[in-house]
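To keep things clear, I will list the structure first and then write my remarks on it.
The values are calculated or read from the model by the stated rules, or taken from the named source; none is laboratory data. Here the structure is a predicted model, which is why all the values come from computation and not from measurement. When we count neighbours, we look across all protein chains shown, and the Cβ atoms used for this are built from the backbone with ideal geometry, even at glycine.
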Amino acid sequence: MPAAAPALDQLQRHLHTTRLLGSISSTLYYDQNTVMPAAGAPWRGEQLALLAAQLHERQSSEAYADLVAAAEAELDGDAPPQRRRNLQLLRLELNRQRCLDPALVTALARAQSHGNAVWQEARASNAFATFAPALRELIRLRREQAGQLADAEPVARSPWEILAQPFEPDSSKARLTELFAPLAAELPGLLESVAAAPASGPQETFELAEGLQEQLCSELLDSWGYDAARCQRSRSAHPFSCTVGPQDFRITTRVVRGQPFSAFLATAHEWGHSLYEQGLPRSDDHYFPWPLGEATSMGVHESQSLFWECRVARSRAFAERWHPRFQRGLGSDPWGGAFGFWRALNPLRPGLIRVEADELSYSLHIVLRFELELALLEQGMPVEELPAAWNRRMEELLGLQPATDAEGCLQDIHWAEGLFGYFPSYALGHLISAQISEALEQEIGPIEALVAAGETAALQDWLAGNVWPHGRSVNAEELVERVTGRPLDAGPFLTYLRAKVGQLSGAG
């Protein structure tokens, strides 16, 4: 960026300190979910609450408002568009922060930390009643937050839509319903056709030793450009990606008994998130504090993780390249060759667990959560009714009935941290990934061919040149239209799924 004016210099210094505090909070969160002993949860809640209060003060004070106003006053006709957009985003967030009661900010931070700890205990013991009070409190606080934020919204939005804005700017229930309707209409039929087909893949059950899974995950990351000087992989109850600083990128995975590919595919998924973070326009400390150096939305974020998990790691070309490694490590070949191994990576059968779901059923998991969030936040459904409502809708959408709440409404961490409005981003990620993939293939050739040739670096280069640099300069749908030349819709994703189902049904 050009040499900054004095007001912009002062604002940047303020933002830099704010970002330092935020990164301390991220580090504590990462620690809480990886190595912190369970008994540390109450104190961690106090730490996170203190930081949340300090961050809110820095982002809503009169002094900060004066800095933003002074920087805005320095704008002239020659100001670069990046500066205008940064200040526009700072002003929007300032207005939102100033609507919030500091006591609510602190209470939310405590409730999120407490919810996280209680959820882990409740999930391990399959005891929804243990978690219900924490969830009830988080819903109450988030409703209160939505009410306080309503005045800062540029257009009228419902409570759920207001809470979704940090994850999916400019999203609305109506637009999401429009985008998801073709999925809800076609995916159940595709699932039925797959279920009616003869069983495919290995009939023999097998386990991959934990050490072998860890080794394969490390080999995957190394082949995709993992830099140990800047990155770290750990274990957690729920896989996630976390950026602690401009040169500090963390991911986590987990080994799941009975799910031999879980850790491997989760590694591919979370590394996709991290690659996007590493490619955002904030490659040095100077630019790190500015909003344009942040992800435009979680839908775009998920599109990048799903690209690497599904379009690459679940591709037939990838299976052919990696089958020998799995075969050697296992000491046998339960898949009967590379084609069977590919089928095993793409089981295409409904499952109870979202993060283990195949590409056909995944979006239906999101429809379920989207509906239940609206019921909890806007339609008055009591928390006590959540398990039954979950099980009933799971049966209707996927034909499955959870035997326990641990594999039902307790399986995700998001509600335990009050992250209402987040789930639709996962389904949007599938739509965005498919549409961006079409544009990529038009320019540099089929993804399968590039993976078969071991040229995954070409995929990274294209994304680094066309997707990652936009940051928050545009919202998700604007980015898709800019990259692909047309509005976002479900068509490319459904086309991709139909083709994949047909290929997996072949004889090899």
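Counting only residues that are closer than 16 Å to ALA124 by Cα and not hydroxyl-bearing (Ser, Thr, Tyr), region 388-413 holds 11 of them. Across region 66-122, the number of residues qualifying as surrounded by fewer than 17 Cβ atoms within 10 Å (Cβ to Cβ) and small (Gly, Ala, Ser) comes to 6.
When we screen LEU372, LEU345, LEU368, LEU377 for residues that are within 27 Å of ASP412 (Cβ to Cβ) and touching a Pro at 6+ places or on another chain (Cβ under 8 Å), the only hit is LEU377. Over 30 Å from PHE339 (Cβ atoms), out of contact with any Lys or Arg (no Cβ under 6 Å at 6 or more places or on another chain) and assigned by TED's automatic domain parsing to the domain that holds SER332 - does that describe any residue in region 255-265? No, region 255-265 contains no residue that is over 30 Å from PHE339 (Cβ atoms), out of contact with any Lys or Arg (no Cβ under 6 Å at 6 or more places or on another chain) and assigned by TED's automatic domain parsing to the domain that holds SER332. Among the criteria (1) of a type outside the set (A, V, I, L, M, F, W, C); (2) in contact (Cβ under 8 Å) with a residue 60 or more places away in the chain; (3) more than 25 Å from ARG136 (Cβ to Cβ), the one ARG91 does not fulfil is (2). When you check ALA319 against the structure, is it surrounded by fewer than 21 Cβ atoms within 10 Å (Cβ to Cβ), in the same structural domain as SER241 (by TED's automatic domain parsing), in a helix (DSSP H, G or I) and of a type in the set (A, V, I, L, M), yes or no? In short, no.
Of note, LEU374 does not satisfy the criterion of being crowded, with 20+ Cβ neighbours inside 10 Å, in contact (Cβ under 8 Å) with a residue 24 or more places away in the chain and in a helix (DSSP H, G or I). In this structure, PHE370 does not qualify as at pLDDT 90 or above and closer than 15 Å to ARG136 by Cβ. Here GLU320 clears all of (1) over 21 Å from the mean Cα position of the chain (by Cα); (2) within 30 Å of VAL367 (Cα to Cα) except the condition numbered (2).
Checked against the criterion of being over 20 Å from ALA268 (Cα atoms), of a type outside the set (Val, Ile, Thr) and outside any loop (DSSP other than H, G, I, E, B), region 353-364 has at least one qualifying residue.
One line per residue, one yes/no per condition, for (1) part of a strand (DSSP E or B); (2) surrounded by fewer than 21 Cβ atoms within 10 Å (Cβ to Cβ); (3) not assigned by TED's automatic domain parsing to the domain that holds HIS323:
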{"residue": "SER234", "(1), (2), (3)": "yes, yes, no"}
{"residue": "PHE249", "(1), (2), (3)": "yes, no, no"}
{"residue": "THR252", "(1), (2), (3)": "yes, no, no"}
{"residue": "TRP271", "(1), (2), (3)": "no, no, no"}
{"residue": "PRO281", "(1), (2), (3)": "no, yes, no"}
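Answer yes or no: is there a residue in region 170-188 that is closer than 26 Å to GLN278 by Cβ and crowded, with 16+ Cβ neighbours inside 10 Å.
Yes, the conditions are met somewhere in region 170-188.
THR267 meets the conditions (1) surrounded by fewer than 19 Cβ atoms within 10 Å (Cβ to Cβ); (2) under 23 Å from GLN120 (Cα atoms) in every case but one. The failed one is (1).
Please state which one of TRP468, TRP390, TRP462, TRP415 is closer than 21 Å to GLN165 by Cβ and out of contact with any strand residue (DSSP E or B) (no Cβ under 9 Å at 6 or more places or on another chain). The match here is TRP415. Looking only at region 442-449, decide whether some residue is touching a residue at least 12 places away in the same chain (Cβ under 8 Å) and over 23 Å from LEU280 (Cα atoms). The answer is yes, given that some residue of region 442-449 is touching a residue at least 12 places away in the same chain (Cβ under 8 Å) and over 23 Å from LEU280 (Cα atoms). Filter region 481-508 down to residues that are in a helix (DSSP H, G or I) and without any contact (Cβ under 8 Å) to a residue 60 or more places away in the chain and give me whichever is nearest to GLN82 (Cα to Cα). The extreme case among them is ARG482.
What do you reckon, is LEU348 under 22 Å from the mean Cα position of the chain (by Cα), among the aliphatic types (A, V, I, L, M), in the same structural domain as PRO424 (by TED's automatic domain parsing) and not in a helix (DSSP H, G or I)? Taking the combined requirement at face value, the residue satisfies it.
Within region 283-297, how many residues turn out to be under 17 Å from the mean Cα position of the chain (by Cα) and either part of a helix (DSSP H, G or I) or more than 21 Å from HIS430 (Cβ to Cβ) (or both)?
Step one: list which residues in region 283-297 are under 17 Å from the mean Cα position of the chain (by Cα), which gives 294-297.
Imposing the further condition that a residue be either part of a helix (DSSP H, G or I) or more than 21 Å from HIS430 (Cβ to Cβ) (or both) reduces the set to 294.
Of the residues in that region, 1 qualify.
Checking each residue in region 16-37 for being assigned to a helix (DSSP H, G or I) and over 30 Å from VAL68 (Cα atoms) picks out TYR30, ASP31, GLN32, ASN33, THR34. When LEU100 is tested against (1) modelled with pLDDT of 95 or more; (2) in contact with a Ser or Thr (Cβ under 8 Å, 6 or more places away or on another chain); (3) under 24 Å from LEU8 (Cα atoms), only condition (3) is not met.
Being within 26 Å of ASP412 (Cα to Cα), at pLDDT below 95, part of a loop (DSSP other than H, G, I, E, B) and among the acidic types (Asp, Glu) narrows it down to one of GLU168, GLU207, GLU186, so name that one. Selected residue: GLU207, the only one of GLU168, GLU207, GLU186 that is within 26 Å of ASP412 (Cα to Cα), at pLDDT below 95, part of a loop (DSSP other than H, G, I, E, B) and among the acidic types (Asp, Glu).
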